[in-house]
Every structure is written in structure tokens, then in C-alpha cells.
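> So that we are looking at the same thing, I have put the structure below in C-alpha cells.
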Amino acid sequence: MKKNMLISMLTLCAFCSPICFNTVHNNALNTPGTAEAATYLDDSSKNFGISADNMYLTSLSVLNSLDYEIIEMQSKSGYILFRTGAKDYIMTVTAITPVTSNIKILPANSVYSTGTTVQKTIFNELELNKLNLLKKQG
């Protein structure tokens, strides 16, 4: 009797543990913070049809015109650390092709719960300045 009980308990544990593990694992992947961060990251990056060098200089100009405090910048690696009120952001400008660049704006402390208003404002200003830059080049 004890032997049958032991076998049934072991069998039950063997079948239940993968189910419990998968449930815990799937719940960890589907937390609201994970979905928020993914959406935030999508809204924080944008491609522009301008070279990275020109986009870097245009980004500095836009940040200055928006009265954001530029804390640190490095043109070689293409990043700008700036402050809006009490929050710090990192903007990176990377070259995709010689005439296409990508700009990514993320919070310096990696907390993605503040919304994307700053990013949208900067991207809108960059679009306006891009049109002026293309007119001057063309």
C-alpha cells in the first residue's frame, strides 16, 4: 500500500511540476511592465533619411531650441545626455546607411513608465528641421 502511494505521489509530482513551471514562466513574461517597456522602446526609436553626422548636429540644435539642458555629448559615439526638468535621457544617433540614420531616446535610469511625450516632441521637431535641412541641401 505504501509503495503504491509513493509511486502515485511521484507520478503526480512529475506531471505537475512542468505545468507549474510553465505557468510561472509565462506569467513572468506577460507582466504589464514587459508590455509597457516594449511599447515604450518602439516609440523611442525613429529612422531618418539624413546622414548620422547631420542628424547629430540637428539633434543638438533641436535640444537647444527646446531648452533642454545638455549634460554631456560625444560626437564620436553619437550620444547626447540631456535633462528635461528632473529626468535625464540618453539620445543616440547611429548610421544605418551613409544617408540614413536612427535616433533612439531612452531614460538614463532605464525606468520606462514616464510616457513618450519627450520623445514625440523631439521627433516632431527633428522632422521639421529635416525638411529645412533637405531644402538647403537640394
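The values are calculated or read from the model by the stated rules, or taken from the named source; none is laboratory data. Just so it is clear, the structure is predicted and the values come from calculations on it, not from any experiment. Every residue, glycine among them, receives a Cβ derived from its backbone with ideal geometry; neighbour counts consider all protein chains shown. The accessibility values were calculated without ligands, DNA or RNA, using every heavy atom of the protein model including side chains. Shrake-Rupley method; radii C 1.70, N 1.55, O 1.52, S 1.80 Å.
> Going by the conditions given, is LEU126 modelled with pLDDT under 95 and open to solvent by less than 50 Å² (accessible area, probe 1.4 Å)?
Numbers: modelled with pLDDT under 95: yes; open to solvent by less than 50 Å² (accessible area, probe 1.4 Å): yes.
Yes.
> Which residue is nearest to the chain's Cα centre (by Cα), if the candidates are limited to region 42-89 and must be open to solvent by 60 Å² or more (accessible area, probe 1.4 Å), over 24 Å from SER113 (Cβ atoms) and among the small types (Gly, Ala, Ser)?
SER77
> If PHE15 meets every condition in (1) closer than 19 Å to LEU131 by Cα; (2) modelled with pLDDT under 55 apart from one, which number is that one?
(1)
> Kindly indicate the residue of region 79-114 that is small (Gly, Ala, Ser) and modelled with pLDDT under 90 and also nearest to ASN124 (Cα to Cα) among those meeting that condition.
So in region 79-114, the residues small (Gly, Ala, Ser) come out as 85-86, 95, 101, 108, 110, 113.
Still in the running and modelled with pLDDT under 90: 85-86, 110, 113.
Numbers: GLY85: 19, ALA86: 22, SER110: 23, SER113: 21 Å.
Among those that are small (Gly, Ala, Ser) and modelled with pLDDT under 90, it is GLY85.
> Within region 94-124, take every residue that is in contact (Cβ under 8 Å) with a residue 60 or more places away in the chain and of a type in the set (S, T, N, Q) and give me the one that is nearest to VAL62 (Cα to Cα).
GLN119
> Right, next: May I ask you to say which residue of THR23, THR31, THR39 is under 14 Å from ILE105 (Cα atoms), surrounded by fewer than 16 Cβ atoms within 10 Å (Cβ to Cβ) and modelled with pLDDT under 90?
Matching residue, one of THR23, THR31, THR39: THR39.
> Here is a follow-up. Yes or no: SER101 among the polar types (S, T, N, Q) and open to solvent by 40 Å² or more (accessible area, probe 1.4 Å)?
For SER101, the condition - among the polar types (S, T, N, Q) and open to solvent by 40 Å² or more (accessible area, probe 1.4 Å) - is not met.
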